[in-house]
Structure formats: C-alpha cells, structure tokens
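Enquirer: Below is a structure I'd like to ask you about.
Nothing in this text is a laboratory measurement; each read-out follows from the coordinates by a stated rule. Everything quoted here is computed from the prediction, not taken from an experiment. Every residue, glycine among them, receives a Cβ derived from its backbone with ideal geometry; neighbour counts consider all protein chains shown.
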Amino acid sequence: MRFAHAIERTVVLPIRSNDPDPMLRALASLFFYTRFFTRFSRVGLRQRQRDWQAYPERLDGQTWLITGASGGIGAAIARIAHARGARVLAAARSGDKLASLVRAADTKMVPLQVDFSSISDTRRLVQDLSARNERIDVLVNNVGVLLDRFELTAEGLETSFVTNLLSHFVLTEGLHAAARFAHGAAVINMSSGGMYGSPLRLAEMAANNGQDYDGMAAYAMHKRAQVELTRAWNRRWQGSPRGYAMHPGWADTAGVQTALPWFRATLRTQLRSSEDSADTALWLGTTRPSPASAGGIWLDRVLDPEHAFALTRKATPTADDLYAFLASKSASVRENAK
Ligand SMILES: NC(=O)c1ccc[n+]([C@@H]2O[C@H](COP(=O)([O-])OP(=O)(O)OC[C@H]3O[C@@H](n4cnc5c(N)ncnc54)[C@H](OP(=O)(O)O)[C@@H]3O)[C@@H](O)[C@H]2O)c1
C-alpha cells in the first residue's frame, strides 16, 4: 500500500505539475496509460458490452442540443440521435463542417454556428434558443480541446478553460435560467479519463500566465471540474434536469490525432470509433438513470468511481466553491463587456 502511494506521488503527480524533467513526465504518462489501458481502449468496451441490455432507442419528439457536434464524438452522437428520430441542434464553430453534417440529413438536423471559446457567443446562442422557444430534452456539453500552447481569448481568458468548462457553465446556466429544459431533461457533461490524474484546484484552473502553462494539466483539471460541476448542478436542480458526467474512452478522432499524435500512433489499433464512444451519451440521454448522490463518472453504461488515486481526493475546493468560481468568472466577462 505504501509502495502504491509512493508510486502515485512520484509518478502521477508530474502529470499535472508541469515537471520540467522529461524522463519523469514520460514515466508519468507510461504509468497513467498502462493503468487505464484495458478500461479505456476497445478492450474495455468489448468487456462491458457483454452485459448491455437492449433499450427503447427511439427519440421521436425529443430535441437534443449537442456542442462540438461537427466532428468526432459529437458528430457521432448527433448523427445517431438524428437517425433515432430526435431533432438535433448541432452546435460547432466551422460553418463548412456543419454544412457537411447537415447535408446528408433532413431538416431535423439544425446547424448552429457558435464559438464556445467566446462567452459572448455562447450567451448569444442561449438568447437565440430562447427567442426560438426551444425546449431541450438532452444537452450534451461535448465541446472540448487540448491545446499545446497558451492562448488568451479576446475576452481575456485562457482558451481551453473557456471551451472545456466556462462555456458549458454559461450555456447550461443560461438555458436553465430561461426555463429552456423540458421536465426531466438530461445534461450530459463529456469529461475524460484524464481527470483521474488531477485534483481540483481553482487557482490553477483558469491559468492566465502563459509561462507555467501545461495544456495537458489544464485539460485534466477542466475535466475533473466537469465532474464536480455535475455534482453542484444535481444538488441545485433536485432531479430536473438530471446531470451526468461521462467519459468516452479513447476514440480515434481528429482531436486526438492533432493533440496527441504520439498517443494515437502507439494505440491506434486499440482506439474506439467515434460511434463506440458516443454510446454512453446516447444511452444516458435516452434512459436517464437517477443521478447517484455520491456522484461518479459513466463509461460504457457503468458508473465508475470519480477517483483512482488518493492524491486527487481533496476536501476543498468543494463543488459549490467551483460553482461560485465559475459564476464569478462568467460575470467578469459581462462586466468587461460593458
Ligand atoms: N477522443 C477521445 O479519445 C476523448 C477522450 C476523452 C475525452 N474526450 C472528450 O470528448 C469530447 C469530444 O472529443 P473529440 O475527440 O470528438 O474532439 P474533436 O475530434 O476535436 O472534435 C471537437 C468538435 O468540437 C468543435 N469545436 C472545437 N472547438 C470549438 C469551439 N471553440 N467552438 C465550437 N466548436 C468547437 C469542433 O468543430 P470545429 O472545428 O467546427 O470547431 C469539433 O466538432 C471532448 O470534450 C474531449 O475532451 C475525447
């Protein structure tokens, strides 16, 4: 036990600590990916698929809003939900990619061009959806990026923080405040197994200092924060909408090809398809199990624990601290914009 703890402290900590020693970082990555290989790769999917039960998949009459819907896992969720009868509001940045998504579909696939690295643009989306009187049955907060360089948005915030977390907060809170969710709706937050390597730290999360920037560590922390934010929302919402944090496993998408080329080259034959990784979101959005009070993160229709290492368990900051932090960050953009 003490040995395992020592491994965690010496090997896992550097994943998020921007350790300048390349050997330690390489060792950390090796430990991390070996630890989770079976569960997150196609191997884990095949194992869990054996226990899956058939469920009524039709989604006629429902409206699904999916962010980051023009490529990868988001596009797979959008296509499958549409094929099952849902009206799909597909939100992404590139007009060309959205055009190719809707080309093969009927009018129930609605493209929404929005840049989720912009709080103003995310707010505009909320206003547009409210003006159109949309009722959302399922929101999938799927958009997410892993950047290798520090970038500030025009609103003065770190780009991946806004894309991966703050825009989800602004979109979901905005829709909730405008009473846009249907009764018993589902809000699905697309986290990542990367969150197993990171505790929640508010001060580091929205790094505005490029010197210490580590895109992988920032990403892992945003993904941890999505899990905590789900807890905060479920406490506030008391059953409607229902919030879920999920993890798609490792999928061979354009995002992975660009952000983690070495990872993709090494594990390519064991990565899932986007459709494989879309399954849990489709299942959650359709079956909507009661959220567990203890939280957890869904993968392949199974609720897994939120922590794999002792060092990520922290009494503070709490989910409510995170909620207040995000509310204050989004308000700061409002003030700056005046
Ligand atoms: N793939 C994996 O193995 C894996 C593992 C764990 C977690 N995840 C998570 O799953 C989610 C989807 O991942 P993916 O691999 O499918 O990603 P992806 O291939 O990079 O696709 C991302 C989608 O998001 C859109 N997007 C990116 N930035 C945007 C912005 N600022 N505004 C609006 N849309 C934006 C992209 O469209 P545009 O080009 O139009 O911007 C694209 O449609 C992410 O949250 C990711 O962290 C993925």
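Enquirer: Taking only DSSP H segments of four or more residues, each worth -39500 (n - 2.57), what value at 222 nm results for the chain once the sum is divided by all its residues, to the nearest 500 deg cm²/dmol? Numbers along the way, then the final one.
Expert: Details: 14 runs with 156 residues, N = 338.
Theoretical 222 nm ellipticity from helices: -14000 deg cm²/dmol.
Enquirer: With a 10 Å radius around each residue's Cβ, average the other Cβ atoms per peptide and rank 114-127, 29-42, highest first.
Expert: In decreasing order of mean packing, 114-127, 29-42 become 114-127, 29-42.
Enquirer: Using Cα centres only, tell me the gap between segment 267-338 and segment 25-79 in whole Å.
Expert: 13
Enquirer: Test of understanding: ordering 151, 158 by Cβ neighbours within 10 Å, fewest first, what list do you get?
Expert: Least to most surrounded, the residues fall as 151, 158.
Enquirer: Looking at the chain as a GNM with Cα springs under 10 Å, which of 297, 188, 80 has the largest mean-square fluctuation?
Expert: 80
Enquirer: How would you rank 245-251, 56-62, highest first, on the average number of other Cβ atoms within 10 Å across their residues?
Expert: On the way: 245-251: 26.1, 56-62: 13.4.
Ranking, from highest mean packing down: 245-251, 56-62.
Enquirer: Moving to a separate point now. Grab the other residues whose beta carbon is less than 10 angstrom from that of residue 289, score K and R as +1, D and E as -1, and report the net.
Expert: The answer is +3.
Enquirer: Give me the percent relative contact order of the chain, please, defined on Cα pairs under 8 angstrom at least 6 residues apart.
Expert: Worked out over the chain, it gives 19 percent.
Enquirer: Specify the inter-centroid distance of segment 104-147 and segment 192-265, based on alpha-carbon positions, in whole Å.
Expert: 20
Enquirer: Taking the Cβ-Cβ separation of residue 236 and residue 26 as r and a Förster radius of 45 Å, what is the calculated FRET efficiency to the nearest 0.05?
Expert: 0.60
Enquirer: Take the Cα of residue 290, step 7 Å along the line toward its Cβ, and report every residue of segment 211-255 whose backbone nitrogen sits under 15 Å from that point.
Expert: 235, 238-240, 242-243
Enquirer: Test of understanding: what is the full-extension gain from residue 50 to residue 318, defined as 0.36 nm times their sequence separation minus their Cα-Cα distance? Can you show the working numbers first?
Expert: Working: separation 268, 0.36 × 268 = 96.48 nm, distance 3.65 nm.
92.8 nm is the gain from fully extending residue 50 to residue 318.
Enquirer: Right, here's the next one. What length, rounded to one decimal in nm, is gained on full extension from residue 331 through to residue 149, with 0.36 nm per residue of separation minus their alpha-carbon distance? Could the numbers behind the result be given before it?
Expert: Numbers: separation 182, 0.36 × 182 = 65.52 nm, distance 2.57 nm.
Here the segment from residue 331 to residue 149 would lengthen by 62.9 nm.
Enquirer: A further question follows. Roughly speaking, what is the stretch gain from residue 263 to residue 310, that is 0.36 nm per residue apart minus the C-alpha to C-alpha distance, in nm to one decimal? Walk me through the numbers on the way to the answer.
Expert: Values: separation 47, 0.36 × 47 = 16.92 nm, distance 2.55 nm.
Contour length minus Cα-Cα distance gives 14.4 nm.
Enquirer: Could you give the radius of gyration (one decimal) and Dmax (whole number) of the Cα atoms in segment 2-337, in Å?
Expert: Computed over the Cα atoms of segment 2-337, radius of gyration and Dmax are 18.9, 59 Å.
Enquirer: Provide the convex hull volume over Cα atoms per residue for segment 71-208, in Å³.
Expert: In segment 71-208, the Cα convex hull volume per residue is 133 Å³.
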